[in-house]
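Since the structure comes first, as structure tokens, the remarks are kept for the end.
Bear in mind these aren't lab numbers, they're just calculated from the coordinates by the rules spelled out. As the structure is a computational prediction, the values presented were derived from the model and not from experiment. In this analysis, Cβ positions are derived from the backbone assuming ideal geometry, glycine residues included, and neighbour counts consider all displayed protein chains.
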Amino acid sequence: MSEPVIADYAASDGFIGKYRRYAPVGEPRGEIVAVHGIQSHGGWYDTSSRMLADRGWGVSFLDRRGSGLNLERRGDCPSFRRLLDDIGEFVHGIDRRPIVLMGVSWGGKLAAAFPRRFPDTVDGLVLVAPGIKPQVKPPALTRMTLLVRRLIQPTRLVPIPLSDPDLFTANPERREFIRTDPLALHRATTRFLIESRRLDVHLRFAARKVRVPTLVLLAGEDRIINNRRTRKFSQRFRGDTTVHEFPGAHHTLEFEPGGPVFVEVLEQWLNRWKA
């Protein structure tokens, strides 16, 4: 089974980030660039990344700046566009095709917004329980407070409102993993949370710029994502879009008791680029 290597990626603003690289086994079939959720990091998705690499796909799982292995300025980012640029600059350094961008949970928002900022850059998108349409939003007063703090205290850290591991999985072993994970992100800056909201607005215009084949993977028992509204949103994509829902599964599909339930479906979808 493919073993990951921790490597660095460099952004044009001088930031040096970490990512996990899973080299493809055998004849390379293409490259998958993956981005994680608001609290997680690439290490959460080690099993599926190994499985995909063993099937010939190179996987680069980027830890978002301020998250996971990136210990500097935890929970912060200059802007959502800077996060998109981090991905775009990384992708531009890949010389093997096809390139598929995979966004998990909150990272699904970045993946869906990516084609508008970087058209004709990737060949496909995979959105895994994407955070485009959440079940619950902060109250209006909380959002207003964050906006004020964004102006006067942009780097103030506040709790991320998804602290209960039960929201992510029903697997007791994985709940404990989430609860004790030293790299998980539990607080973010007011700037980051406002940028997340700005990204939501940006997505209203970005959806119709998605013109590549897209696979949307949903968890039937997701307590974080509104699947009905996510399906409706995905209908605005202009490319060939496939939606697959896993009945009985919870938000973090990686953590289902039988392992990452989505890999087989994903591989079948990836076969469109089979040589």
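Label-to-label distance, residue 274 versus residue 232, with points set 7 angstrom from Cα along the beta-carbon direction: 3.7 nm.
In order along the stretch 62-68, phi translates into HN-Hα couplings of 7, 7, 4, 4, x, 9, x Hz, rounded to whole numbers, per the Karplus curve 6.51 cos²θ - 1.76 cosθ + 1.60 with θ = phi - 60° and x for Gly and Pro. Each residue in 36, 92, 41, 202 was given a count of other beta-carbon atoms within 10 angstrom of its own, and listing them fewest first yields 92, 202, 41, 36. Distance from the Cα centroid of the stretch 28-43 to that of the stretch 186-210 is 19 Å (rounded to whole angstrom).
Calculated translational diffusion coefficient of the stretch 5-273 (10 °C, 1.306 mPa s; Stokes-Einstein with Kirkwood radius over alpha-carbon pairs) equals 86 µm²/s. Per-residue 3J(HN,Hα) values for the stretch 157-167, derived from phi via the Karplus relation 6.51 cos²θ - 1.76 cosθ + 1.60 with θ = phi - 60°, read 8, 10, x, 6, x, 9, 8, 8, x, 4, 5 Hz in sequence order (x marks Gly and Pro).
Of the GluC sites (Glu not before Pro) found in the stretch 15-105, those that fall in a DSSP loop while having at most 16 other beta-carbon atoms within 10 Å are 72.
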